[in-house]
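Bear in mind that the values in this text are calculations on the coordinates, not laboratory data. Remember, it's a predicted structure, so these values are computed and weren't measured experimentally. Cβ placement follows ideal geometry from the backbone for every residue including glycine, while neighbour counts extend to all protein chains displayed.
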Amino acid sequence: MYSKSKNILFISLVSILTSLVVVTMSYLLVRSIVINTARRNAVMILREMERVKLHELPPGIFRRIPTSVFLLQNRRVEVLYDALDISNKLDFSQLKDKSFINVAGETMFTAVINTPKGVVAFIQPGENMLNILKKTAFAFFWVWLVSTGIILASAYANYRRTVKSFRELIEKAKEISTKMEGFLPEKGLDSNTARFISALNEMIKRLRASIEEEKRFAANAAHELKTPLANIIGYTSMLLRWGLKDEAVAEKSLSAINVTAKKLNELVSKLLLLSSPMTSLKHERTNVCNFVKAVLNEYKSLFPAYQFQIECRENPVFDLPKEALEIVVKVFLDNAVKYSPENGVISVVVESNRLGVSSMGPEILEEYHDKIFEPFFRLETDREGHGLGLAIAKNVASRFSWKLSVESKEGMNTFWVIFN
């Protein structure tokens, strides 16, 4: 909007200056035509005079316009014809420099022509010619004044429209900030402003989507927290009512509270990890194959009922944060353990720019390939968990411009992390 106002002002100034230049050039052109025409007439007269000799001027040659003619030879001045009777009043030093001179208070036009015999000066009354030029200048001045007025009026009208559009944008922005609905109008704006408003609308759209996502996240988090808290409250009530007298009830309640509190602590830890910016993690030169082998050795001890395998098709070394890679790999492995049958094979594949974890399990339909990375999303086949693991992996990956994807077919799922 500011750019449009600035452009209008700039174009108006350029138009005014251009019209001034055009008017000035037009006046100078007319002046040149008038003066050159008079000089051409003088040249024609001079040729006629030379034909009959300078001192034998034909009678009536200056009948139309009274003229004085002088021959200047070095410092000597010879009067050839003096119909104006100005030979005693004229300052001959002015003749070579000016088209108009003042002789005894009267304006005279001069045309100076070089000849073999010397300089011939023609002098005629210049009032009429000067009046013509003044009227021409006055006419051109009015043309410029009117055109400037039109330009300024047009610029002011455009400015008013711009200010009106700007005010409408401000009012709409206030409405959006209050009601959190609608978008800024893009019609009736110049191209640069329209692109800027379009970018703002895209930002508003993303902000709304983010706000809606946060609302869903808060609602889901509250729902997930509500169940364990309800269990703790229930067992606490049981303790208060019977547990102090019944040792078995007390032991059962305390054990249940302990298990629930651990799950609650795990859930809170995942929520904190999900919102963590990961800014404090240090990058290290990491051999991905060796790193994954160390993680698999840990899982072989924790889950001896599963078969863990690794295939290093390449041996990439990246400068990356090991903690972030560990989180992503362990989320993939935890999912594989959760959905694979006992004695199932869990394979890790390392390639030049990506790492994949494959396991047996139910097919994930393509329509869920993006949704499974959203917080609290769970498939119908999910037996346990909060639906946060893959969301945490995606959050960690996005911090370092990694990409996550899934390939699925009946009986086999492969989760990939792609390093950029």
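A compact table of results
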quantity: Radius 12 Å from Cβ of residue 89, net charge of other residues (Lys, Arg +1; Asp, Glu -1); calculated: -4
quantity: Tail weight of P(r) past 17 Å, computed on alpha-carbon pairs of region 284-418, percent; calculated: 57
quantity: Coil-residue GluC sites (Glu not before Pro) of region 112-219, DSSP, other Cβ within 10 Å capped at 11; calculated: 181
quantity: Dipole-positive endmost among 147, 182, 199 within region 145-240 (Cβ charges, Cα centre); calculated: 147
quantity: For residue 239, net neighbour charge (Lys/Arg +1, Asp/Glu -1) across residues whose Cβ lies under 15 Å away; calculated: 0
quantity: Kirkwood hydrodynamic radius of region 191-274, Cα pairs, Å; calculated: 16.2
quantity: Nearest-0.05 FRET efficiency for residue 210 and residue 258, computed from C-beta distance (R0 35 Å); calculated: 0.40
quantity: Per-pair calculated FRET efficiency, R0 = 56 Å: residue 154 and residue 227 via Cβ, rounded to 0.05; calculated: 0.20
quantity: Charge dipole (region 68-108, unit charges on Cβ, about Cα centre) - positive-most of 72, 86, 99; calculated: 72
quantity: Cα-Cα P(r), region 78-124, percent of pairs per 10 Å interval; calculated: 24, 63, 12, 0
quantity: Within straight-line cross-link reach of residue 164, lysines at Cα separation under 19 Å, skipping those fewer than 8 residues along the same chain; calculated: 4, 6, 172, 174, 187
quantity: Charged-residue dipole, Cβ positions (Lys, Arg, Asp, Glu), region 191-274 about Cα centre, Debye nearest 20; calculated: 280
quantity: Extended-chain gain in nm, criterion 0.36 nm per residue less alpha-carbon gap, residue 177 and residue 102; calculated: 19.4 nm
quantity: Peptides 326-336, 287-297, 143-153 ordered by average Cβ neighbours within 10 Å, highest first; calculated: 326-336, 287-297, 143-153
